[in-house]
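Everything on this sheet refers to the single structure shown next.
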Amino acid sequence: MTPPHAHPPALLVAITVAALLPAVVGCSGWLPWTASDKSKKNAELYGPTANQRIEQLAADAKQAKAAGASHGVDFTRQLAEQLLTEHDARVRCEIVTTAGEFDTASALAICKGALQDPDERVRMRACDVWRKRGGSEAVQLLANRYRADRELDVRLRAIRMLGELENDGAIPVLAEALEDPDPAVQYRAVAALKQVSGRDLGNDVNAWREWAANPGDAEPWSIAEAWRKLF
């Protein structure tokens, strides 16, 4: 006879569950707490998941684009309303990206407002969107975001997007970034100035400071010039 203490408690529990499982399945056909049923109940209680909202957003955007300009106005107005109530930063990022693809008053308001979103991921996405929108307004808004944001990643993203705009209007703020005490900001400003100017003065911050002080007085840069410096 096996002593009562021969089976550890965990083993006894496993044996008991194994014994009861066939009876439960036989009576109900399957366990009453399946994953699919749980997902359905969660959807009923809490609404669509973040991934589902993102998928729906993409589908609605595609439909709005195909339907014409008037539908775009209505769609972006709905986007603005959704943005105000959306608690998930990932979904807000997708809302901002989608708004950037439309040229309406509501879309513009979304792209501007997202630069001040409480989540840095959304602010960074807004920087990306303004790089795509381009123009002097993009330069001004990205410059303001660099100057005002407290998160280093956002400031670096704003500088990077200023460089990718390749707009001379960005030179003053990039020159300002060369004076930033953070070396990462200085390095990103140098990279951005290379894009804006079409020059390559290397990574010497002082050389770029000198150039940025009087960019119009500098001699035209060429590939031949770069090769001469090498030899």
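The numbers here are math on the coordinates, done by the rules we state, and not lab data. Please read these numbers as outputs of a predicted model, since none were measured by experiment. With ideal geometry, Cβ positions are generated from the backbone for all residues, glycine too; neighbour counts draw on all protein chains shown.
Between Gln52 and Gln140, the simple label model (points 7 Å from Cα in the Cβ direction) yields a spacing of 4.3 nm.
Tell me whether the range 47-133 comes out rounded, prolate or oblate; compute the Cα gyration tensor, take square roots of the eigenvalues as a ≥ b ≥ c, and use a/c under 1.5 as the rounded threshold. Here the range 47-133 falls in the oblate category.
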